[in-house]
Amino acid sequence: RDFSPHVVILDIVMPEKEGVETMRALRKLDPNLPVIAVSGGSRIQAQKYLTIMEALGANHTFKKPVPLDQLIKAVREL
């Protein structure tokens, strides 16, 4: 809450607090915070998660592995 990042790169499957829950919390704190969501789940599962993240307001979504040039482009855009 005391830290104001310029952009957040958020993995969806995490051990303690998964990405969808984290995204909802981020949106409550700052609805305008730029978020890039990534998922490395199975092909179907990853896309399902990414679609949810888009609905929650993620600015960009990527399936892992994310090509570095695309990630850098997205960060610069945001």
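K17 - would you say it is within 14 Å of the chain's Cα centre (by Cα) and surrounded by 12 or more Cβ atoms within 10 Å (Cβ to Cβ)? Against the criterion (within 14 Å of the chain's Cα centre (by Cα) and surrounded by 12 or more Cβ atoms within 10 Å (Cβ to Cβ)), K17 does not qualify.
Looking at the structure I just gave you, is R27 open to solvent by 80 Å² or more (accessible area, probe 1.4 Å), closer than 16 Å to H6 by Cα and outside any strand (DSSP E or B)? Give the steps one after another, and end with the answer.
Working: open to solvent by 80 Å² or more (accessible area, probe 1.4 Å): no; closer than 16 Å to H6 by Cα: yes; outside any strand (DSSP E or B): yes.
In short, no.
For segment 39-76, what are the residues that are within 14 Å of V8 (Cβ to Cβ) and out of contact with any helix residue (DSSP H, G or I) (no Cβ under 8 Å at 6 or more places or on another chain)? L71, A74, V75, listed by residue number.
For A25, indicate whether it is in contact with a strand residue (DSSP E or B) (Cβ under 7 Å, 6 or more places away or on another chain) and of a type in the set (G, A, S).
no
Being loosely packed, with under 10 Cβ neighbours inside 10 Å and assigned to a loop (DSSP other than H, G, I, E, B) is a description that applies to D2.
One residue stands out among those in segment 30-62 that are hydroxyl-bearing (S, T, Y) and crowded, with 17+ Cβ neighbours inside 10 Å: the one that is nearest to K73 (Cα to Cα), which is T61.
The values are calculated or read from the model by the stated rules, or taken from the named source; none is laboratory data. It should be emphasised that the depicted structure is a prediction, and the values quoted were computed from it without experimental measurement. Positions of Cβ are generated from backbone atoms using ideal geometry, with glycine treated the same way; all protein chains shown enter the neighbour counts. The protein model used for the area step is the full one, side chains on, heavy atoms only, and it has no ligands, DNA or RNA in it. Shrake-Rupley method; radii C 1.70, N 1.55, O 1.52, S 1.80 Å.
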